[in-house]
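The structure appears below as structure tokens.
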Amino acid sequence: MIKTNKKTLEEIIRVDHAGERGAIKIYEGQLLALNTLKQDNDLKKQIEEMKDHELEHYNFFEKELQKRKIAPTKLLPLWDLLGIGLGFGTAILGKKATMLCTASVEEVIGEHYKNQTYKLGDDEKDLKENIIKFRDEELNHKDIAYEGGATKEGLYGLLDKVIKASSKLAITISEKV
């Protein structure tokens, strides 16, 4: 039986908790823009549905933190502000940018979750199964985003690179801090 390293386990749960909360904050920022400055009820409905999935994921990792007595990242307040700002900013830019934000983040998260499954031992079967389930849901969000108009053409390609680089940096920091 292969056992999961305790430090690795703590990093996985800490970063996934932060990431799911970050996704919620991005969607909250987008909904703030859509409820005040932009009017697109179809987009708003899609974002609300995806946010509900993220809330389910977040609640799972919140319980894991508590059950295992793992401290969340100390940077949650900063990630909250940046997430809301990213969400609000992309929604102000329009539907393509809003959908690209989801696609870009979910591409990073899909790969991140896949890599985590290789780090989990036989002793963490339930956690591994949930991460696989969540990864599949995140990749579905990515597909929805591309179907909804996400594009990497022109300046959107630059936005994609900025969002992905920021997401990867937040992951690296949140694992450790």
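The values are calculated or read from the model by the stated rules, or taken from the named source; none is laboratory data. None of the values given here were measured: they were computed from a predicted structure. Reconstructed Cβ throughout: ideal geometry from the backbone, glycine too, with neighbour counts over all protein chains shown.
Here are the numbers:
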read-out: Scan of region 17-65 for residues that are surrounded by 15 or more Cβ atoms within 10 Å (Cβ to Cβ), part of a helix (DSSP H, G or I) and charged (D, E, K, R), ordered by number; value: Glu20, Arg21, Lys25, Glu28, Lys44, Lys51, Glu54, Glu62, Glu64
read-out: Within region 152-176, tally of residues that are loosely packed, with under 15 Cβ neighbours inside 10 Å and over 20 Å from Ile24 (Cα atoms); value: 7
read-out: Selection status of Pro72, free of Cβ contacts under 8 Å to residues at least 12 places away in the same chain and more than 21 Å from Ile144 (Cβ to Cβ); value: no
read-out: Extreme residue, nearest to Leu75 (Cα to Cα), among residues of region 1-48 that are touching a Phe, Trp or Tyr at 6+ places or on another chain (Cβ under 7 Å) and hydrophobic (A, V, I, L, M, F, W, C); value: Ala18
read-out: Counted residues, region 134-153 - those being under 13 Å from the mean Cα position of the chain (by Cα) and of a type in the set (S, T, N, Q); value: 1
read-out: Criterion: part of a loop (DSSP other than H, G, I, E, B) and among the small types (Gly, Ala, Ser) - qualifying residue of Ala71, Ala103; value: Ala71
read-out: Residue, nearest to Leu86 (Cα to Cα), within region 144-166, restricted to residues that are in a helix (DSSP H, G or I) and small (Gly, Ala, Ser); value: Ser166
read-out: Flag for Gly110 being outside any helix (DSSP H, G or I) and within 16 Å of Met50 (Cβ to Cβ); value: no
read-out: Ile92 being in contact (Cβ under 8 Å) with a residue 40 or more places away in the chain, of a type in the set (A, V, I, L, M), part of a helix (DSSP H, G or I) and crowded, with 21+ Cβ neighbours inside 10 Å; value: no
read-out: Checklist (1) aromatic (Phe, Trp, Tyr); (2) out of contact with any helix residue (DSSP H, G or I) (no Cβ under 8 Å at 6 or more places or on another chain); (3) under 17 Å from His53 (Cβ atoms) applied to Tyr118, failing item; value: (3)
read-out: Tally, over region 112-142, of residues that are surrounded by 14 or more Cβ atoms within 10 Å (Cβ to Cβ), of a type in the set (D, E, K, R) and without any contact (Cβ under 8 Å) to a residue 24 or more places away in the chain; value: 2
read-out: Test for Thr4: is it at pLDDT below 95, under 29 Å from Gly121 (Cβ atoms) and not in a helix (DSSP H, G or I); value: yes
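Yes/no matrix, rows are residues, columns are (1) modelled with pLDDT under 95; (2) of a type in the set (Ser, Thr, Tyr):
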{"site": "Cys101", "(1), (2)": "no, no"}
{"site": "Ser104", "(1), (2)": "no, yes"}
{"site": "Glu111", "(1), (2)": "no, no"}
{"site": "Asp123", "(1), (2)": "yes, no"}
{"site": "Asp136", "(1), (2)": "no, no"}
{"site": "Asp160", "(1), (2)": "no, no"}
{"site": "Val177", "(1), (2)": "yes, no"}
